[in-house]
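> Pasting in a structure now, in structure tokens, and then I'll have a few things to ask.
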Amino acid sequence: MDFLAQYADRLHAWWFTMSALDRTWLGIGLFGQTMFVARWFVQWIASERERRSIVPELFWYCSLCGGLLVLAYGIYKPEPVLVLGQFGVFIYARNIYLIWRAKAEGRDGANAADPKPPNLPAE
């Protein structure tokens, strides 16, 4: 219990020593992390609906948005672990580019990278 009391005291001191700008950036970082976590729910729900594992287009938008916000927060703090951990934003952006390119070419961009195997019957 002593640990919890000390931790609560540290959180209290931390919160009340932050500036309004720091609180704004904390909100940005938390929103980015929320977007980043939400992508897994998007993927899970889409896979349950299709009854197979898929990666929907929205997954990549949540990944990019969340990753960029967490990256911005990490740069502001500065937190090198957060900054290095968001290397994936390049991959997310590339996947979105591939989806856009597939749509421009008249292909289904959401499923271009995840085609249904040809020997499976349609449900």
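> With all protein chains present and a 1.4 Å probe, how do Y61, Y97, Y73 order by accessible area, largest first?
Putting Y61, Y97, Y73 in descending order of accessible area: Y97, Y61, Y73.
> Let me ask you something else. Loop only per DSSP, at most 12 neighbouring Cβ atoms within 10 Å: give me the trypsin sites (Lys or Arg not before Pro) in the range 1-89, ordered by residue number.
Sparse-neighbourhood loop trypsin sites (Lys or Arg not before Pro): R51.
> Sticking with this one: Given the -39500 (n - 2.57) contribution per DSSP H run of 4+ residues, what per-residue ellipticity at 222 nm results for the chain, rounded to the nearest 500 deg cm²/dmol?
-24500 deg cm²/dmol
> Taking the Cα centre of the chain as origin and charging only Cβ (+1 Lys, Arg; -1 Asp, Glu), how large is the dipole, in debye to the nearest 20?
The calculated dipole for the chain is roughly 300 debye.
> How many percent of the accessible area of the chain is carbon or sulfur, using a 1.4 Å probe?
The computed percentage sits at 67.
> Taking H placed 1.01 Å from N in the peptide plane, check which residues at least 5 places from E79 or on another chain put their amide H under 5 Å from its amide H.
For E79, no residues qualify.
> Let me ask something additional. Would you mind working out the accessible area per residue for the range 1-74, using a 1.4 Å probe, and quoting it in Å²?
Result: 69 Å² per residue.
> Using alpha carbons only, how many degrees (0 to 90, rounded to 10) separate the axis of helix 57-76 from the longest principal axis of the chain?
30
> Counting other Cβ atoms within 10 Å of each Cβ, which GluC sites (Glu not before Pro) in the range 1-74 have at most 14 and sit in a DSSP loop? Present the calculation step by step, with values, prior to reporting the outcome.
Working: sites: E48, E50, E57; in loops: none.
Passing both the DSSP loop test and the Cβ count: no residue.
> Answer with a single label: of (1) -0.31, -0.85, -1.20; (2) -0.36, -1.01, -1.31; (3) -0.47, -0.94, -1.17, which was calculated as log10 I(q)/I(0) by the Debye sum over Cα atoms at q = 0.10, 0.17, 0.21 Å⁻¹ from the structure in view?
(3)
The values are calculated or read from the model by the stated rules, or taken from the named source; none is laboratory data. From a predicted model like this one, the values you see are computed outputs, not experimental measurements. Counting neighbours? That spans all protein chains shown, and the Cβs are built from the backbone with ideal geometry, glycine included. Note: areas computed on protein heavy atoms with side chains; ligands, DNA, RNA excluded. Shrake-Rupley method; radii C 1.70, N 1.55, O 1.52, S 1.80 Å.
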